[in-house]
Each structure stands twice: as C-alpha cells, then as structure tokens.
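Notes to accompany the following structure.
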Amino acid sequence: MSAFEHWVKTSFGFLESDAGFTRMPFREKLVGESVEYVKWPLLIFIGWYKGEIDVNFHIDIGYTENHPVFRPNLPRTFPLHQVVLRQDKDAYASWPGKGGALTSVHEVQTVLRESARIMQEYCAHLLQGDLGLLEQLVGDRTKRSRQYAL
C-alpha cells in the first residue's frame with residue numbers, strides 16, 4: 001500500500017465502515033496516484049496528481065441507460081466541491097488547501113482529512129444512495145448548455 005493509499009484509507013475509511021462502499025484494488029498508473037471506492041451506481045475517485053487532490057463522484061454508465069435524468073451522452077462526473085457548494089456556498093470558507101500546489105505530506109494529509117470531513121457533513125444522503133442532488137446538477141448543466149446553444 002502506497003503512502004497516498006494509506007492516507008486516503010485513514011481519512012475516508014468511513015466510506016467502507018459506515019456507507020457500504022468497497023475500496024477497489026490498487027491499479028498501477030503511469031502518473032499520479034488514486035484510490036476508488038464503489039457502491040453501485042456510484043464510484044468515488046480520490047486522486048493526487050500535479051500537486052492537486054481531486055475528489056469526484058461518478059455515475060456508472062450502466063445506470064444511465066434507462067434513467068430519465070442521467071443519460072449516457074451527458075457528463076456523469078461531479079467534483080465534491082460542486083456537490084457541496086450547491087448546498088452551502090460558504091462550506092469551503094476555512095478550506096486549508098487554498099492556492100498553490102500541494103507538495104508536502106502534511107498538506108496532502110490535511111486536504112484529504114478536510115475533504116473527508118466535508119463529504120461526511122454534506123454528502124451523507126448521496127452516500128446512502130439518494131442521487132437527487134446529482135440529478136439537479138445534471139439539470140443545471142443541461143439548462144446552461146441550452147442557453148449557450150441559443
């Protein structure tokens with residue numbers, strides 16, 4: 001287990017213990033590091049690349065085939081910050097990762113811990129299978145796309 005995987009497991013262990021997600025086996029990557037948690041139809045991607053931490057929710061394409069909102073031709077990736085800011089525009093007011101690349105172990109661990117705290121606080125409904133907020137975000141994207149097309 002890499003150091004990054006350990007830090008993710010330490011911060012996001014609640015995904016397995018409390019929310020029923022499964023941590024996927026580590027896959028070797030050419031660049032960056034990442035850990036994925038799955039509970040169908042949701043995949044949570046946590047990655048570190050070029051000094052940035054990404055925490056994203058992905059909807060499985062198989063789930064979108066007959067869904068009235070999620071469709072295969074629409075984006076199905078939702079960054080944590082987008083989901084959280086939709087609920088509370090001040091949620092990141094005390095965010096520790098402001099500006100610059102994350103280059104030290106301490107910075108990476110701090111951002112992972114804070115991301116996990118924010119996910120627990122604002123995404124409990126999502127982690128339990130209520131995808132309503134993601135459906136709203138797809139609707140917002142669709143409206144914006146239509147506005148630009150006109």
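None of the figures in this text is laboratory data; all of them are computed from the coordinates on show. Predicted model only: the values in this text are computed from it and were never measured. Heads up, the Cβs are rebuilt from the backbone with ideal geometry, glycines too, and the neighbour counts pull from every protein chain shown.
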Problem set entry | Space enclosed by the convex hull of the alpha-carbon atoms of the range 3-149, per residue, Å³ | 138
For this session: Determine the dipole magnitude for the chain: charges of +1 sit on the beta-carbon of Lys and Arg, -1 on that of Asp and Glu, nothing else is charged, the reference point is the Cα centre, and the result goes in debye to the nearest 20.
Result: 460
Problem set entry | Cα lying deepest toward the dipole's positive end in the range 1-66, options Phe26, Ile61, Ala3, charges on Cβ | Ala3
For this session: Would you count, across the chain, every pair of lysines whose alpha carbons are under 24 angstrom apart, provided the pair is eight or more residues apart or spans two chains?
Result: 9
For this session: Return a whole-number percent for the relative contact order of the chain, with Cα pairs under 8 Å and 6 or more residues apart as the contact set.
Result: 18
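For Trp40 and Glu5 in one chain, what is 0.36 nm times their gap in residues minus the Cα-Cα distance, to one decimal in nm?
Roughly 10.5 nm would be gained on extension.
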Seminar exercise, completed: Per the helix-only model, the chain has a calculated mean residue ellipticity at 222 nm (DSSP H runs of ≥4, -39500 (n - 2.57) each, divided over all residues, rounded to the nearest 500) of -12500 deg cm²/dmol
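Grab the beta carbon distance between Thr110 and Asn66, set R0 = 35 Å, and tell me the FRET efficiency rounded to 0.05. Could the numbers behind the result be given before it?
Details: r = 42 Å, r/R0 = 1.20.
After rounding, the FRET efficiency stands at 0.25.
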For this session: Taking the Cβ of each residue in Ile53, Ile46, Ile61 as the centre, tally the other Cβ atoms inside 10 Å and list the residues starting with the fewest.
Result: Ile61, Ile53, Ile46
